[in-house]
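A.B. asks: One structure, as structure tokens, below. Some questions next.
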Amino acid sequence: MPYGENSANSGSKKPLWIPSSQRVDASNMQRFMQYVNDKFDREFTSYDELYHWSTDEISDFWSSWWDFSKIIRSADYLNVIDDARKMPGARWFSNARMNFAQNLLRYRDGNTALVFRNERSERIQMSYSELHACVAAVVTTLRELGIRGGDRVAGFMPNIIETVVAMLATTSIGAIWTSCSPDFGINGVVDRFGQTQPKVLFATDGYYYNGKTFHSGDRIRELVRLVPSIQRVILVRYPSIKSESLNMPKTCDWDDVVSHEGGSSFEFVQTPFDHPLLIMYSSGTTGAPKCMVQSAGGILVNHLKELVLHTDLMREDTIFYFTTCGWMMWNWLISSLATGAKVVLYDGSPFWPNKGSIIELIQDEGITVFGTSAPYLSALEKEGIRPKVDYSLSSLKTILSTGSPLSIRSFDYVYRDMKSDVCLSSISGGADLNGCFALGNPMLPVYPGELQCRGLGMSVEIFGTEGQPVLGERGELVCTKPFPSMPLYFWNDPSGEKYLNAYFRAFPGVWHHGDYAEMTKRGGLIIYGRSDATLKPGGVRIGTADIYRELEGFSEIDDSLVVGQQWEDDTRIVLFVKLRPGSKLTEELRTRITKSIRENLSPRHVPARIVQIADIPYTINMKKVELAVCNIINGKPVLNKDALKNPESLELYRNLTELRI
């Protein structure tokens, strides 16, 4: 059901979109619910019933999903979970033997598996049969190099087809994949790979961004020098970049690797369910990044649950997520191969060579599932892009947004100016679980400002100040029961102390995720920001997302950042605003900002200081860096800048006159 006229009011509680009965009936979620009904003699008719069953009967749910999703395995499990009351430390699917890459490469036909596009309009595609053959050739080389199960293989790569092949080849033989995108600073990469000690590095000679060419040779040389575990570099020549000869030791060329013959019938190494698959990294903006080791089986079953059920991904779909290889959403996107869908990769700026470049991509590639971030949708609106008018988005059925809370204004923008009949799903989770706690749902309506539902099998609650579940109140997002994609452990954390401190100190035996959130009476979630960035003037907790949402209505403001400054034995709110070209922070604008926040939020939300700033710091994965700025203005050190997209912006916040009074 399309977006209705009456729901344009951002304060309305009416749904912005309701799925048609035909869409519900044809959905994977509906098929799975019927499967559960038949298997267990149930009569579920709603998602709410299915959800509560999935968290009450953990073993039944995950065993049903294992069978329904047709996990390829060489040995079946004995027990789904050894102790559902144990968190952390529960063991999943004991005795099962499987291979992650084998499940992603289950299709070997002529259908298109991967399409690569970049900001220069270059296009390369690869079929499922070609993908399998290419993976086989790289497997042969990795084995010749002595790579075995448990060895680490790293990618310092942009989002190109070769990166997907390298990851699949690595995991095919039971080795562990870890990656950083090439726009990371050298110290940020060393902070990560220096801990995990990869033996082989896949790297490109360069990449493009925002119309510029970036050569990577010097950083690759430095990386090999600073991470002595790297025994061999496999160098990929980026399309159309005419790089100089790198003349580096330990290097072989990708073209030589994929020219190997005789490896097409390679065998996938069968591993236990809890065999290490990936090492993911935390943002590292407040210290050395955490190295989170994640399991092959846990990532596979959780990704497939989220893609097949919550995203309703099918073989005929074309899915795209704007992401780099350093973000968990890249891994999530690539798992779509297990469904046989077409996966579109993009490398470059989303706004080059024009502001509508990604919208053109949706149109030209017939994308049905489009994934992006909240800042991107907000930027489209501010740039006056109206896809509904200027493009054909007839293929599009689902839009996903993550990275930060999606404002009500952006919900309205999507249904007003992009497409009225589309499922807009704001989703939320993290690299820690390589997945989501709250997601979309093809069976449910979309309400402004809300994430549609909690994920199946994820016992998510909001804990209030007493450490008990609350409804319709703000509190801490937690998960009270184990789930398969929890990290196995942190690298270089033999006692497990860092792991426990990260998730289980606040509420022992309960996963504390660090999001400040609210659960609505209809089962949706509202995210107000990170708990550690929550403002506390006068001891009252205020989510930063509240203020960001309010500021999106100001045409003069291009971006903003809000933090707390320690002041006179309390915390005062400081708002930094980056203005659009031609705008000035006049007293009139200050007054309008203050009035809007006071009237639409509360007097406690009103900033004590509003400061114009030239730039807002972001991580490589486009998350605002509130904590680093908070540290700077409160006289504390910032320990790691190399995880930032624009680390030079932090200097703008030092010694500001406006914050001394």
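A.B. asks: Which residues, taken from segment 577-601, are free of Cβ contacts under 8 Å to residues at least 60 places away in the same chain, in a loop (DSSP other than H, G, I, E, B) and more than 20 Å from THR657 (Cβ to Cβ)?
C.D. replies: PRO581, GLY582, SER583, LEU601
A.B. asks: Within segment 552-578, track down each residue that is of a type in the set (A, V, I, L, M) and within 13 Å of GLN612 (Cβ to Cβ).
C.D. replies: If the condition is that a residue be of a type in the set (A, V, I, L, M) and within 13 Å of GLN612 (Cβ to Cβ), then ILE557, LEU561, VAL574, LEU575, VAL577 are the ones that fit.
A.B. asks: Within segment 483-533, how many residues are touching a helix residue (DSSP H, G or I) at 6+ places or on another chain (Cβ under 7 Å), outside any helix (DSSP H, G or I) and of a type in the set (Asp, Glu)?
C.D. replies: Summing the residues that are touching a helix residue (DSSP H, G or I) at 6+ places or on another chain (Cβ under 7 Å), outside any helix (DSSP H, G or I) and of a type in the set (Asp, Glu) in segment 483-533 gives 2.
A.B. asks: Residues of segment 397-411 being part of a loop (DSSP other than H, G, I, E, B) and either out of contact with any strand residue (DSSP E or B) (no Cβ under 6 Å at 6 or more places or on another chain) or small (Gly, Ala, Ser) (or both), which ones?
C.D. replies: LYS397, GLY403, SER404, SER407
A.B. asks: Hey, does segment 65-78 have a residue that's in contact with an Asp or Glu (Cβ under 8 Å, 6 or more places away or on another chain), within 30 Å of SER259 (Cβ to Cβ) and not in a helix (DSSP H, G or I)?
C.D. replies: The answer is no; no qualifying residue exists.
A.B. asks: Report yes if ILE230 is of a type in the set (A, V, I, L, M), out of contact with any Phe, Trp or Tyr (no Cβ under 7 Å at 6 or more places or on another chain) and at pLDDT 90 or above, otherwise no.
C.D. replies: yes
A.B. asks: Is it the case that PHE437 is within 19 Å of the chain's Cα centre (by Cα), among the aromatic types (Phe, Trp, Tyr) and part of a strand (DSSP E or B)?
C.D. replies: It is true that PHE437 is within 19 Å of the chain's Cα centre (by Cα), among the aromatic types (Phe, Trp, Tyr) and part of a strand (DSSP E or B).
A.B. asks: Starting from segment 72-92, keep only residues that are of a type in the set (Gly, Ala, Ser), then list their pairs with residues that are in a strand (DSSP E or B) whose Cβ atoms are within a distance under 6 Å, requiring at least 6 positions of separation or different chains.
C.D. replies: SER74/ARG97; ALA75/ARG97; ALA90/ILE81
A.B. asks: Here's another thing I want to ask about it. Give just the number: which of (1) over 21 Å from the mean Cα position of the chain (by Cα); (2) at pLDDT 95 or above; (3) over 24 Å from PRO272 (Cα atoms) does GLU466 not satisfy?
C.D. replies: The number of the failed condition is (2).
A.B. asks: Looking at segment 143-191 only, could you name the residues that are under 19 Å from ASP347 (Cβ atoms), among the small types (Gly, Ala, Ser) and in contact with a helix residue (DSSP H, G or I) (Cβ under 6 Å, 6 or more places away or on another chain)?
C.D. replies: Residues satisfying the conditions are ALA154, GLY155.
A.B. asks: A follow-up question, please. Would you please name the residue that is nearest to PHE266 (Cα to Cα), looking only at residues in segment 143-198 that are part of a loop (DSSP other than H, G, I, E, B) and of a type in the set (Gly, Ala, Ser)?
C.D. replies: My answer is GLY174.
A.B. asks: Answer with yes or no whether VAL574 is touching a helix residue (DSSP H, G or I) at 6+ places or on another chain (Cβ under 6 Å) and part of a strand (DSSP E or B).
C.D. replies: no
A.B. asks: In segment 606-661, what residues are surrounded by fewer than 17 Cβ atoms within 10 Å (Cβ to Cβ), more than 20 Å from GLY543 (Cβ to Cβ) and of a type in the set (Gly, Ala, Ser)?
C.D. replies: Result: ALA614, GLY635.
A.B. asks: For PHE61, are the conditions met, namely being assigned to a strand (DSSP E or B), touching a helix residue (DSSP H, G or I) at 6+ places or on another chain (Cβ under 7 Å) and at pLDDT 95 or above?
C.D. replies: In short, no.
A.B. asks: Going by what's in this entry, would SER485 be described as surrounded by 15 or more Cβ atoms within 10 Å (Cβ to Cβ), in contact (Cβ under 8 Å) with a residue 60 or more places away in the chain and of a type in the set (Ser, Thr, Tyr)?
C.D. replies: Yes; evaluated as a whole, the condition is true for this residue.
A.B. asks: Looking only at residues in segment 107-121 that are more than 20 Å from LEU361 (Cβ to Cβ) and either free of Cβ contacts under 8 Å to residues at least 12 places away in the same chain or among the charged types (D, E, K, R) (or both), which one is surrounded by the most Cβ atoms within 10 Å (Cβ to Cβ)?
C.D. replies: ARG108
A.B. asks: Answer with yes or no whether ARG152 is within 25 Å of the chain's Cα centre (by Cα), surrounded by 17 or more Cβ atoms within 10 Å (Cβ to Cβ) and closer than 23 Å to GLY297 by Cα.
C.D. replies: Yes.
A.B. asks: Of everything in segment 332-383, what is touching a residue at least 60 places away in the same chain (Cβ under 8 Å), of a type in the set (Gly, Ala, Ser) and either out of contact with any strand residue (DSSP E or B) (no Cβ under 7 Å at 6 or more places or on another chain) or closer than 18 Å to CYS423 by Cα (or both)? Give them in sequence order.
C.D. replies: Across segment 332-383, the qualifying residues are SER335, ALA338, GLY340, SER357, SER373, SER378.
A.B. asks: Now a separate question. Enumerate the helices (runs of 4 or more DSSP H) found wholly within segment 307-388, keeping only those where 1 or more residues are surrounded by fewer than 24 Cβ atoms within 10 Å (Cβ to Cβ) and at pLDDT below 95.
C.D. replies: 374-382
A.B. asks: Of the residues that make up segment 501-517, is at least one charged (D, E, K, R), touching a residue at least 24 places away in the same chain (Cβ under 8 Å) and either surrounded by fewer than 19 Cβ atoms within 10 Å (Cβ to Cβ) or under 19 Å from TYR51 (Cα atoms) (or both)?
C.D. replies: No: zero hits.
A.B. asks: Please go through segment 582-605 and pick out each residue that is surrounded by 20 or more Cβ atoms within 10 Å (Cβ to Cβ) and within 19 Å of GLU556 (Cα to Cα).
C.D. replies: ILE593, ILE597
A.B. asks: Here's a follow-up. Tell me which residues, restricted to segment 91-129, are among the hydrophobic types (A, V, I, L, M, F, W, C), in a loop (DSSP other than H, G, I, E, B) and under 25 Å from the mean Cα position of the chain (by Cα).
C.D. replies: LEU105
A.B. asks: Moving on. Inside segment 391-413, can you point out the residues that are touching a residue at least 40 places away in the same chain (Cβ under 8 Å) and over 16 Å from ARG23 (Cα atoms)?
C.D. replies: LEU400, THR402, GLY403, SER404, PRO405, LEU406, SER407, ILE408, ARG409, SER410, PHE411, ASP412 - these are the residues of segment 391-413 that are touching a residue at least 40 places away in the same chain (Cβ under 8 Å) and over 16 Å from ARG23 (Cα atoms).
A.B. asks: What number of residues within segment 174-210 are of a type in the set (D, E, K, R) and over 20 Å from the mean Cα position of the chain (by Cα)?
C.D. replies: Residues that pass the stated criteria total 3.
A.B. asks: While we're here: Out of curiosity, is SER560 surrounded by 14 or more Cβ atoms within 10 Å (Cβ to Cβ), modelled with pLDDT of 95 or more and not hydrophobic (A, V, I, L, M, F, W, C)?
C.D. replies: Yes.
A.B. asks: Sticking with this one: Is it true that some residue in segment 207-223 is of a type in the set (Phe, Trp, Tyr), without any contact (Cβ under 8 Å) to a residue 60 or more places away in the chain and touching a strand residue (DSSP E or B) at 6+ places or on another chain (Cβ under 6 Å)?
C.D. replies: Within segment 207-223, one or more residues are of a type in the set (Phe, Trp, Tyr), without any contact (Cβ under 8 Å) to a residue 60 or more places away in the chain and touching a strand residue (DSSP E or B) at 6+ places or on another chain (Cβ under 6 Å).
The values are calculated or read from the model by the stated rules, or taken from the named source; none is laboratory data. Since this is a predicted model, take the numbers as computed values, not measurements. Every residue, glycine as well, gets a Cβ built from its backbone with ideal geometry; the counts of neighbours run over all protein chains shown.
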